[in-house]
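I have placed the structure first, in the form of structure tokens, so that the comments after it can refer back to it.
The values are calculated or read from the model by the stated rules, or taken from the named source; none is laboratory data. Bear in mind the structure is a predicted one, so any value in this text is a computation, not a measurement. Cβ: placed from backbone, ideal geometry, glycine included. Neighbour counts: every protein chain shown. For the accessible areas, the whole protein counts, side chains as well, though only heavy atoms, and no ligand, DNA or RNA atoms are used. Shrake-Rupley method; radii C 1.70, N 1.55, O 1.52, S 1.80 Å.
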Amino acid sequence: MSDQPSRATAARRRRASGIAVDFDGRRLAVARRLQCMSRSELARRVEVSPPAVMQYERGLSRPGMTVLARIGLTLGMPVEFFSRGLEIPEVAPSTAHFRSLRSTPANRREQALAFGELALAVLDVIEQYVDLPPVSLPGIELPARPAEEDIAAAAGRTRRALSVPDGPVPNAVRLLEAHGVLVVRLPAEGFDARVDAFSSSVTASGRPIVLMSPLKDDKARSRFDAGHELGHLVMHAGVEPGSKVVESQAMSFAAEFLMPRAEIEDSLPTRIDWQTFHALKRHWGVSLKALVYRAHKLGRLSDLSYRRANEQLKRWGHPEPGPLGPPESPSVLGAAAELLEKSGTPLSTLAEAARIPLQSVLAIVAAGRSNKPTLTIHA
């Protein structure tokens with residue numbers, strides 16, 4: 001009790017001096033990375049030093065109200081966003097498996113990670129109102145030098161753990177969501193097209209996340225991306241991302257998960273037979289390129305036939321012949337938001353409680369729902 005007057009006096013002095021009393025540096029870091037802006041650039045625009053921005057983000061100091069107003073204008077966020085509210089979980093870059101790690105600038109990867117972190121925060125506040133699927137993925141420890149057989153065994157074990165029946169996986173993206181993974185699609189605008197799908201099983205919220213590319217506008221490619229990221233989630237927790245070995249393992253996992261050897265091997269052609277490949281594409285929901293690769297990997301196609309098939313695929317380009325329809329899309333965030341709206345809890349209420357702009361919440365929900373058009377019939 002004795003220190004209460006002194007604390008109140010200190011608070012009054014801070015307000016009088018213009019220091020932001022209620023400030024969360026973590027939120028500043030998220031907002032800055034969402035705008036793909038360096039600390040130096042932000043410092044220049046708001047007229048402070050780069051070390052000052054670093055101290056703000058790390059919670060070592062707080063900006064003055066005038067500087068905070070400039071920060072909000074520069075980053076396109078209301079000042080209220082930077083106050084303490086719902087904690088925004090962190091996704092450390094060292095845990096994120098980017099397919100395009102070496103071909104994308106670090107600031108663009110950070111931007112995508114920040115979007116994922118904001119999505120996890122929105123999911124956290126929705127989960128206070130709606131029961132969402134719990135995380136139920138197997139954790140598979142590979143040998144120090146895993147062989148192809150070890151990767152195939154991991155994929156088979158995962159199919160059994162997720163109760164996938166024999167035959168094609170009905171919907172790879174929805175399967176991830178059903179087992180507690182947050183799946184969202186990066187917005188098409190404002191993000192670098194070179195940022196491919198990525199995932200992380202190590203998040204502060206405890207919920208794995210998969211972010212899919214908005215450019216994968218094909219069902220086959222979206223399914224393979226989902227299988228690839230699932231491989232990272234179950235096999236590579238704690239494994240340093242980015243190496244060709246790790247990416248190759250996830251590729252082999254996806255191939256076996258979506259096209260189990262025991263079920264597909266005998267039906268793969270031993271020569272270039274596009275009619276057969278097209279039939280297999282429709283049945284398994286994978287691309288011609290994936291099937292040709294699988295046929296070669298399993299010894300059905302010779303090296304010469306494999307090269308010739310890839311030359312033809314290259315001539316066809318993207319999209320390849322025989323489209324399967326729109327990509328598989330996430331649905332959990334969108335369905336939960338609709339349920340809340342119907343029950344009388346609008347997203348604006350959630351946005352206010354979480355101190356996240358409604359526009360940002362709507363963007364996150366849109367990234368986590370089906371992009372199929374809705375038919376409206378007017379009487």
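Taking the stated definitions as given, is residue 161 of a type in the set (Gly, Ala, Ser) and open to solvent by less than 40 Å² (accessible area, probe 1.4 Å)? No, not satisfied. Quick one: in the range 306-341, of everything that is touching a Ser or Thr at 6+ places or on another chain (Cβ under 8 Å) and among the hydroxyl-bearing types (Ser, Thr, Tyr), which residue is nearest to residue 133 (Cα to Cα)? This residue is 331.
Selection of the range 255-273 for residues being surrounded by 14 or more Cβ atoms within 10 Å (Cβ to Cβ) and touching a residue at least 40 places away in the same chain (Cβ under 8 Å) yields 255, 256, 257, 258, 260, 261, 272.
Each residue in the range 127-166 was checked for being aliphatic (A, V, I, L, M) and under 18 Å from the mean Cα position of the chain (by Cα), and 3 of them qualify. One residue alone among 47, 41 is open to solvent by 20 Å² or more (accessible area, probe 1.4 Å), more than 24 Å from residue 360 (Cα to Cα) and of a type in the set (D, E, K, R), and that residue is 47.
Out of everything in the range 51-104 that is touching a helix residue (DSSP H, G or I) at 6+ places or on another chain (Cβ under 6 Å) and of a type in the set (Val, Ile, Thr), what residue ends up being surrounded by the most Cβ atoms within 10 Å (Cβ to Cβ)? Among those residues, the one meeting the criterion is 53. Suppose the filter is in contact with a Gly (Cβ under 9 Å, 6 or more places away or on another chain), in contact (Cβ under 8 Å) with a residue 12 or more places away in the chain and surrounded by fewer than 19 Cβ atoms within 10 Å (Cβ to Cβ); does residue 123 pass it? Against the criterion (in contact with a Gly (Cβ under 9 Å, 6 or more places away or on another chain), in contact (Cβ under 8 Å) with a residue 12 or more places away in the chain and surrounded by fewer than 19 Cβ atoms within 10 Å (Cβ to Cβ)), residue 123 does not qualify. Identification of helices (runs of 4 or more DSSP H) wholly contained in the range 225-324 with 2 or more residues that are of a type in the set (Asp, Glu) and farther than 28 Å from residue 199 by Cα yields 303-316. Inspection of the range 171-194 finds no residue satisfying the criterion of being at pLDDT below 85, under 15 Å from residue 97 (Cα atoms) and aliphatic (A, V, I, L, M). Given the criteria part of a helix (DSSP H, G or I), touching a Gly at 6+ places or on another chain (Cβ under 9 Å) and more than 23 Å from residue 89 (Cβ to Cβ), does residue 155 qualify? It is true that residue 155 is part of a helix (DSSP H, G or I), touching a Gly at 6+ places or on another chain (Cβ under 9 Å) and more than 23 Å from residue 89 (Cβ to Cβ).
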